[in-house]
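These notes concern the structure reproduced below.
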Amino acid sequence: MAPLATGLLAGTPLESLNAAPLSAKRDLFKELGLRTFINAAGNYTSMTASLMHDDVMEAIQSSSKEYVMLDEVQDKVGQKIAALCKAEAAIVTAGCWSALVLGTAGVLTGTDSKKVSQLPKLEGTGMKSEVIIQKTHINGYHHALTNTGVSIVSVETIEEAENAINEKTAMLWFLNREAPVGKIQHQAWLDLAKKYNLPTMIDMAADVPPVENLWKYNIMGFDLVCISGGKAICGPQSAGILMGKKDLIAAARLNGPPAGGNIGRGMKVNKEEMIGMYVALDSYINRDHAQDWKIWEDRIEVINGAVKKVQGVTTEVIVPPVANHTPSLEISWDRTKVKVTRDEFGKRLRNGSPSIEVIGWEREDSIRITVFMLKTGQEKIVAKRIQDELLKAST
Amino acid sequence: MTLPLLGVASGETLAASDANKDYDRDYFKELGVRTFINAAGTYTALTASLPHPEVIKAINYSALQFVKLEELQDRVGERLAELLKCEGAMVTSGAFSAITLGTAGVITGVDPEKADRIPTDMTGLKTEVIRQKSHRVGYDHAIRNAGVNIIEVETRKELEAAINEKTAMMWFLNYGNPDGKIKDAEFVEIGKKYKIPTMNDCAADVPPAENLWKYTQMGFDLVCFSGGKGLRGPQSAGLLLGRKDLIQAARKNAPPNGSTVGRGMKVNKEEILGMLVAIEVYLNRDHQADWSLWEKQIKLINDTAVSIPGVTTENHIPAIANHVPSIRLKWDTKKVKITPDEVREALRKGHPSIETMGGTESVDITTWQMIPGEERTVAKRIKEILQQASVS
């Protein structure tokens, strides 16, 4: 077998053996013609959500150097995470969605390997097949549950929920983000589950900060808690955490890798991500959160101060109550004075240099920005670019 | 930003990009996780392979900036397709994920409404995937995860009879090729005859490198590879290669798209770029030099083992999947009083710890995922253990 023609590769010739020196520094995004940008939007998966800190990258690098048993890493990292979050047990998953799938699968199968091999076909297996959700909590993420084969039963009131519970009911599911719009709040949901002896799961994907949420729902009594790892915690973007009752976590693990022949094998997490997730979580918990908040407020003020000088522009500082709970700034303009559509404005920021992404899909003649994913100093660039573009569009 | 990470992470004072430095914290040691020499091979449970240093460099690089995930898949997919001589490509969360996403794409096309319905509501969608009985393996669960049923056939006649309006796809397990009555090329021919898309699962089937394009060029519509085995990319990454329209359809079922069967199979930008670089590095390797290194390593272990009376060896190369020089150690238990299980356990518990494979009859070893030089330690430890158990 001859070495393949290097003409295939435009880049530098790469070395062949393990011990060979590394190739010259490459700018891969540039090579591929990819736009990098300042993230003034927030933790969106499609925008790669967050950047990992140096300690997480160091953990990823160091753990790439040795072989270990994947399950042992999951055991030990899980114990650490569980202790940090005051849960009985925990595992690192391939994101929050994966945590939802694996947790639901564990509830259905328990530790019965035959049942594990039967998902997502539940008919005739004797497994339970329904998950009860408040109508207002059905917004797309419930699809993670149906991936295991269950059907969703939608309810609005406690009375409806009690009527819906039957021998096929597997679990009661709660979407933390939509708690304010639901008729049934956390404790009532838990009381209901307790009354009928049913497991509960809460999805709190993007719901830190506040840091306390990491343990709040475990302590409150949810049997399973799912969280995204690559958002505000700044862990690997393809990682998440499933935590909760020991028996349910053990069952969930049978439905995921490294075990094969199950619903979750495709949701792979490697050792580097597991260690990286643990380090990110540990660092996040130990941050000075009050100081973080102050920094975000200061950044918002820098941008606010610059943009509200433009005639016809109004601003409002908004802190979402749950999910992405950080200071954000809504910037709106009077179209008679600032003559640009929201979409066009977003495009100008995107196509400028440096490129900036903002939230530009909520209201007409308005954008919203967050500052918690900015690197230090970028708030000044964002402030100036937005001010410039607003002025340019003004008469 | 002065956000002290306190005593928790002293790593922040180190530059992140120096690949040759030592690390301030040894997480495996801290956590009490045993590290070992991998004399077994590319097993997921054993973390399969060590990502190539160039891959780690790419991961470090890509961690520093935000990009659009879809744009990254677009560009990396184009580049991979060019390198691997196929129409389209995407990075997935492993080969299993590639199978599910590819199957989902075949079923839903690029229609998000359909992607939103599988695997529970298959109304109006095709629901059957045909595979040969001899290709039955735990990995076909990946197909069923998309909501379809598997129809088993043995002969061409049975296969042709099984095709109907519900048939979504025909699935082929590459390493099952010798065992099946219908071989790869004929399987593709039948697929084309009835216009049914075909998928080939080649998870562990490099080397040889040529396999990376052999099966798409043979006419399989979709081909799946593991990224973290012989390719030494991120262990949680894989490749789906094949027809451009089907790759587009598969992507509709994958992250960052929500409300899909594949959203839980997340790959981040670091893994996507790491996978591309792994392919580049792999294609540029001197595969002959690799092969002769493996042969020498196996020979060293062989010669050391057979120096003990009663020990015999079988040197073999699996025809497909983990196609590398391998060795099986056996011994006359009257002369060497220890079972293969006990030898494996002794290797595991020694220092350094060594993982091997095999059953009740033998201890099985490959060297291709070792750090070169480790074969000497392995040979020495095996000799010590077998010698100790030898009747003098």
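A simple spin-label model places the labels of A:Lys183 and B:Arg348 5.6 nm from each other, with each point 7 Å out along Cα-to-Cβ. Relative to the Cα centre, the charge distribution of the range A:67-285, modelled as +1 at Lys and Arg Cβ and -1 at Asp and Glu Cβ, gives a dipole magnitude of about 320 debye.
Close amide H partners of A:Gly240, meaning residues 5 or more places away or on another chain with modelled amide H under 5 Å apart, are A:Thr93, A:Ala94, A:Gly95, A:Gly229. Structure remark: mean-square fluctuation, Gaussian network model of chain A, C-alpha springs under 10 Å; the largest value among A:Phe345, A:Phe222, A:Phe29 belongs to A:Phe29. Distance from the alpha carbon centroid of the range A:226-240 to that of the range A:34-76 works out to 8 angstrom. Here each label is just a point 7 Å from Cα along the line to Cβ, and for A:Thr395 and B:Lys85 those points are 6.5 nm apart.
What is the gain in length, in nm to one decimal, between A:Asn139 and A:Glu88 on full extension, counting 0.36 nm per residue of separation less the C-alpha to C-alpha distance?
That works out to 15.5 nm of additional length.
The range A:243-312 and the range B:199-216 have Cα centres spaced 36 Å apart. Considering only chymotrypsin sites (Phe, Trp or Tyr not before Pro) in DSSP loops that have at most 15 other Cβ atoms within 10 Å, the longest stretch of chain B without any of them is B:195-392. A straight Cα-to-Cα reach below 14 Å connects B:Lys192 with the aspartates and glutamates B:Glu160, B:Asp184, B:Asp221, residues fewer than 8 places away in its own chain not being considered.
How much FRET efficiency would the formula 1/(1 + (r/R0)^6) give for B:Ser134 and A:Lys121, where r is the Cβ-Cβ distance and R0 is 41 Å, rounded to 0.05? That pair, B:Ser134 with A:Lys121, gives E of 0.95. The slack in the chain from A:Glu167 to A:Ser46, taken as 0.36 nm per residue of separation less the alpha-carbon distance, amounts to 39.6 nm.
Rounded to the nearest whole Hz, the Karplus-based 3J(HN,Hα) values (6.51 cos²θ - 1.76 cosθ + 1.60, θ = phi - 60°) of the range B:224-233 follow the sequence 10, 10, 7, x, x, 9, x, 7, 6, x, with x at glycine and proline. Using θ = phi - 60° in the Karplus curve 6.51 cos²θ - 1.76 cosθ + 1.60, the 3J(HN,Hα) couplings for the range B:243-259 round to 4, 4, 5, 6, 5, 4, 5, 4, 5, 5, 9, 10, x, x, 5, x, 6 Hz; x is entered for Gly and Pro.
When the GluC sites (Glu not before Pro) in the range A:99-185 are filtered for DSSP coil states and for at most 10 other beta-carbon atoms within 10 Å of their beta-carbon, the remaining sites are A:Glu123, A:Glu167.
Dividing the summed helix terms, -39500 (n - 2.57) for each DSSP H run of n ≥ 4, by the number of residues in chain B produces a 222 nm estimate of -11500 deg cm²/dmol to the nearest 500.
Taking GluC sites (Glu not before Pro) that fall in a DSSP loop and have at most 11 other Cβ atoms within 10 Å as cut points, what is the longest piece of chain B between them?
Numbers: sites that count: B:Glu165, B:Glu361.
It runs B:166-360.
Take the Cα of A:Ser353, step 7 Å toward its Cβ, do the same at A:Lys380, and the gap between the two points is 2.0 nm.
When each of B:Cys202, A:Cys96 is scored by the number of other beta-carbon atoms lying within 10 Å, the sequence from fewest to most is B:Cys202, A:Cys96. Phi angles of the range A:64-78 translate, via the Karplus equation with coefficients 6.51, -1.76, 1.60 and θ = phi - 60°, into HN-Hα couplings of 7, 8, 9, 8, 9, 7, 4, 5, 5, 4, 4, 4, 6, 5, x Hz per residue; Gly and Pro are given as x.
Read-outs: derived from the displayed coordinates by stated rules, not from any lab. Owing to the predicted nature of the structure, the values given are computational and were not obtained by experimental measurement. Every residue, glycine as well, gets a Cβ built from its backbone with ideal geometry; the counts of neighbours run over all protein chains shown.
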